[in-house]
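Everything on this sheet refers to the single structure shown next.
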Amino acid sequence: MKPTALIAEDEPLLAQALRTELAAAWPELEVIATVGDGRSAVREALARLPQVLFLDIRMPGLDGLGAAAELADAWPADEAPMPQLVFVTAYDEYAARAFDAQAIDYVLKPVQPERLRRTVARLQKALDARDAPTHTPEDALASTLAQWQKVLAAAGAGAQPAGNGAAPLKLIAASEAGSSGNSVRMVPIDEVQYFEAADKYVRVLTTGREYLIRTPIRQLLPQLDPQVFWQVHRDESGKQHLTLRGRPEKIPVSRLYAHLFRAM
């Protein structure tokens, strides 16, 4: 059976260039769908269950990181193994450094044939190992989840310049939920239980209060201490939940991040 792939790239010419170079580097590969945004990538991937995903990191609406997180939870692992994940990115020294530091394959725009051939060789090896008779479905799922965790961590690290020397936030200016927005309080980060993206705002939850800020989660994350705040990609389809001391909510945890909490 031919290996299959989905390409999610919002620039049609670049998507076609990737298809052309893939046809040369991996003639057996069948590209079964090409989409231009993250929502379509999630929908088509779940409908077609490809073996490889090429996701542009930056797309309108839901980006590649968000699409990958949604697919990790929604993927029907009992119907098909989770696909291999490769991010597509325009050249950026920080993103390239983050991927190279973790020895993770990625596709640069415009496509570089030699780099793509190396990526294809590793993908073929990974698919062969996954299909080996000694590999159980549980082993395959665990191995692919580990690959996704590594890729997403590197992609997140590459979103911001490394080593900028800025200390983590200690205070955050926020307006209290339900107020007119004219009153702003400097909320100590030590009081914050969790942040949650909500429409045009980000909710800031403490033990007894709720505040709102307009800073997007993506911009906020690099300013937080990574030893204190862990991203869980809240998704109602998450199979596992966590509770925080001082808060009544149960927070769904993505399949990708559940391993962070198992020792607790």
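How many of the residues making up the range 171-209 are in a strand (DSSP E or B), under 27 Å from the mean Cα position of the chain (by Cα) and acidic (Asp, Glu)? Count: 1.
Looking only at residues in the range 48-78 that are modelled with pLDDT of 90 or more and among the charged types (D, E, K, R), the one that is nearest to residue 12 (Cα to Cα) is 56. Residue count for the range 172-196, restricted to those that are hydrophobic (A, V, I, L, M, F, W, C), open to solvent by 20 Å² or more (accessible area, probe 1.4 Å) and within 15 Å of residue 224 (Cα to Cα): 2.
Among what's in the range 204-223 and is under 19 Å from residue 62 (Cα atoms) and not polar (S, T, N, Q), pick the residue that is modelled with the lowest pLDDT.
Of the range 204-223, the ones under 19 Å from residue 62 (Cα atoms) are 214-221.
Now drop any that are not not polar (S, T, N, Q), which leaves 214, 216-218, 220-221.
On the way: 214: 89, 216: 85, 217: 82, 218: 76, 220: 87, 221: 81.
Going through the qualifying residues, I end up with 218.
Inspect the range 211-227 for any residue being open to solvent by 90 Å² or more (accessible area, probe 1.4 Å) and of a type in the set (Val, Ile, Thr) and give the result as yes or no.
Restricting attention to the range 211-227, the residues satisfying the condition of being open to solvent by 90 Å² or more (accessible area, probe 1.4 Å) are 214, 218-219, 227.
Restricting the remaining residues to those that are of a type in the set (Val, Ile, Thr) gives none.
Within the range 211-227 (the criterion being open to solvent by 90 Å² or more (accessible area, probe 1.4 Å) and of a type in the set (Val, Ile, Thr)), the answer is no, since none of the residues qualifies.
The values are calculated or read from the model by the stated rules, or taken from the named source; none is laboratory data. Everything numeric here is computed off the predicted structure, so don't read it as measured data. The accessibility values were calculated without ligands, DNA or RNA, using every heavy atom of the protein model including side chains. Shrake-Rupley method; radii C 1.70, N 1.55, O 1.52, S 1.80 Å.
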